Amino acid sequence: MLLQLCAPLTAVFNVLPGSIADGFIWSILTIGVFISYKILNIADMSVEGTFALGGTVTAALLTIGVPVSVAMIVGAIGGFIAGVFTAILHTKLKIPAILSGILTMFILYSINIHVLGNKASLALLGRITLMRKLAEATSPMVANLIVGGIFALLTVGASYWFFGTKYGSSVRATGCNPEMARAQGINTDGRIILTLGISNALAALSGSLLAQSNNNVTANMGSGAIVIGLAGVVLGEAFVKEKWPFAFRLIGVLAGSVLYRIVIALALQLLNGFLTADDMKLISAVLIIAVLAAKRFSAKRPLKTKSNNLSENLNAENK
Amino acid sequence: MLKINNVVKIFNKNTINQKIALNGIDLELEEGDFVTVIGGNGAGKSTLLNVIAGVFSPDEGKIILDGKDITNVPEHKRSADVARVFQDPMKGTAAEMNVEENVAIAKMRGKKRGLGWNVTKEDKKKFKELVSQLDLGLENYMSQKVSLLSGGQRQALTLLMATINKPKLLLLDEHTAALDPKTAEKVLEITSKVTQNQTTVMITHNMKDALRFGNKIIMMNEGKIVFSASGEEKKKLTVNALLEKFAIVGNQTDRVLLS
């Protein structure tokens, strides 16, 4: 009896540190997806390609002996350029956003294979990654936790700062109400181009860190990145209400990304035998649908009464 | 101040759905003029406002604001000089942002938006004072998302945002049409407060408002200005006189709608 109870608990304990580390690394992608999907109101598929691009560029550069910091920066710049490309397809050629993203993703699939020297994968064992020194001094797990955590917190902090500035606020207005934004003198096309660049630079940074943490890259490592990113966003928003201040929403996204990793790892561990790593995409999609469905059925009523109350209060005050 | 020269706007040019929305409009406004625009549905009132605001360029003609040809200046660059309030109360504000963030965005209209904090402590105080002038109690809800406000409150806020940095020209596109009569009255009160000495173009469907507001009036039909009056001549106009003009230009259906 006791043993039966203990098994899940040990499972939780075993998967926790690794999942949190993974969650930190993936949360940078998640914040990128949050920026495009929630702030700009654009479902941008390019992250599938740019996530992998960050990994492949970093790996290729590390292999020829480029310092890790430079390799990561070049990877992120690659993501930025790809994001700008998607945004230009969308704003200047008027291609629907979803198709623009898919086109970029397709182009990047070919590019990623070329970056890896016409190979589908590349091992990074023995290369000087960001985590390596720390991993030798402690353990790979601790190194991933610390490096991932630092980058995740820096990304949350930087996003909070950026979207609180005058420029960042104009980006939020662009996503929320482009007509109003233009009427207020905001160049909405310009904002979309820059912000999709930033969003994809974050995706690439996330991919670069994952490549280093795994000591391995594959050209298709970004496959499913959009769903994983959305899962983090959706899980985060399940706990943080939309009316809460912006900082909470960002922290919610970070938490959602970590939570997603824990849930997936637990599902694989506890249902070992039924589910394999191949089922991860299935579990992810079901998880997103479940959370969205729960939100649909629970959140509608209380939100409405709240808005009525405010309007009524204001009206009462005017009488 | 504002000079509109022979402006023509054709939608779906050279197709079977071709529609001449503006057919040679000439209009001149002096500084401080307040012109009300009336006319039936499809008369070209909103198209005229959109051409002035730069939502789209005219096919022919010129728009000159303060001596500067702005005919082909893009919308977002024009908005430093030309402010707008839309008919739909949802269009003028960013719903997911709070009241003071919206005001802060309007405050930067026509200026370079840098990396300084959007709403500083000092701004908070200033904006609260500005919003309290609306007399709606909104100043107690500065950090509430605009989506929680009613249509009238949002429209009043949009008016404040449009006039916060005095624009050269204010465009009001039936901005009270979507509101209930009592709220519309309140928003009109605010309108007259914020448009003191403000060059304004206001479209309205309400004849009484068209006569009550402004020193000039124009009536549009099928993309043309068919009647205009200003000063003393406008003061003498009555709703019935306007309806008669409508009958002459052949808008029988509108006559029923408007009376």
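Every read-out reported here was derived from the displayed coordinates using simple, explicitly stated rules and does not represent laboratory data. Nothing here was measured: the structure is a model prediction, and the numbers come from that model. We place every Cβ from the backbone using ideal geometry, glycine too, and count neighbours over all the protein chains shown.
Counting, for every residue in A:188-198, the Cβ atoms of other protein chains within 10 Å of its Cβ and taking the mean gives 1.
Extending 7 Å from the Cα toward the beta-carbon at both B:ARG212 and B:LEU237 defines two label points whose distance is 1.6 nm.
Taking each DSSP H run with n ≥ 4 as -39500 (n - 2.57) and averaging over every residue of the protein assembly as shown yields -19000 deg cm²/dmol at 222 nm. Counts of other chain beta carbons within 10 angstrom of each beta carbon in peptide B:93-105 average 5.
When Rg and the Kirkwood radius Rh are both evaluated on Cα atoms of the protein assembly as shown, their ratio Rg/Rh stands at 1.07. For region A:192-200, backbone phi angles converted through the Karplus equation (6.51, -1.76, 1.60; θ = phi - 60°) give residue-by-residue couplings of 5, 4, 5, 6, 5, x, 4, 4, 7 Hz, Gly and Pro being listed as x. Sparse packing (at most 11 other Cβ atoms within 10 Å of the Cβ) combined with a DSSP loop state is found for the following trypsin sites (Lys or Arg not before Pro) in region A:88-147: A:LYS92, A:LYS94. Let me have the relative contact order for chain A, percent, based on Cα pairs under 8 Å that are six or more residues apart. Relative contact order for chain A comes out at 32 percent. In order along region A:207-213, phi translates into HN-Hα couplings of x, 4, 5, 5, 4, 5, 6 Hz, rounded to whole numbers, per the Karplus curve 6.51 cos²θ - 1.76 cosθ + 1.60 with θ = phi - 60° and x for Gly and Pro.
Using Cα pairs under 8 angstrom and six or more residues apart, how large is the relative contact order of region A:1-143, in percent? Result for region A:1-143 is 26 percent. Taken as Cα centroids, region B:1-53 and region B:118-141 sit 36 Å apart, rounded to the nearest whole angstrom.
Of the beta bridges in chain B, as assigned by DSSP with both residues counted there, near 55 percent are antiparallel. Listed peptides B:52-60, A:52-60 appear in the order A:52-60, B:52-60 once ranked by packing, highest mean of other Cβ atoms within 10 Å at the front. Principal-axis analysis of the Cα atoms of chain B puts helix B:181-194 at an angle of about 80° to the longest axis. Which of the pairs B:LYS91/B:LYS168; B:LYS107/B:LYS168; B:LYS77/B:LYS125 have their Cα atoms more than 19 Å apart in this structure? Checking Cα-Cα distances, B:LYS91/B:LYS168; B:LYS77/B:LYS125 exceed 19 Å. In a reduced charge model with +1 at each Lys and Arg Cβ and -1 at each Asp and Glu Cβ, region B:1-83 shows a dipole moment near 440 debye about its Cα centre.
The distance separating the Cα centre of region A:146-212 from that of region A:5-37 comes to 23 Å. Counts of other chain beta carbons within 10 angstrom of each beta carbon in peptide A:161-174 average 5. Across region A:41-52, computed HN-Hα scalar couplings (Karplus, 6.51 cos²θ - 1.76 cosθ + 1.60, θ = phi - 60°) run 6, 10, 7, 9, 7, 4, 4, 4, x, 6, 4, 5 Hz from first to last residue, x flagging Gly and Pro. Sequence-distant contacts, meaning Cα pairs under 8 Å at least 6 residues apart, place the relative contact order of chain B at 27 percent. Computed from Cα positions, the angle between helix B:239-248 and the longest principal axis of chain B comes to roughly 50 degrees. The packing ranking of peptides B:186-197, B:238-249, highest mean first, is B:186-197, B:238-249, where packing means the average number of other beta carbon atoms within 10 angstrom of each residue.
At q = 0.13, 0.14 Å⁻¹, work out log10 I(q)/I(0) for region A:2-300 with the Debye formula, treating every Cα as an identical point scatterer and leaving solvent out; two decimals please. Log10 of I(q)/I(0), two decimals: -0.90, -1.04. Beta bridges per DSSP, both residues in the protein assembly as shown: antiparallel share near 60 percent.
Residue ranges B:159-168, A:208-217, B:102-111 sort as A:208-217, B:102-111, B:159-168 when ordered by packing (mean number of other C-beta atoms within 10 Å per residue, highest first). Percent of alpha carbon pairs in chain B separated by more than 22 Å? For chain B, the fraction of Cα-Cα distances above 22 Å is 57 percent.
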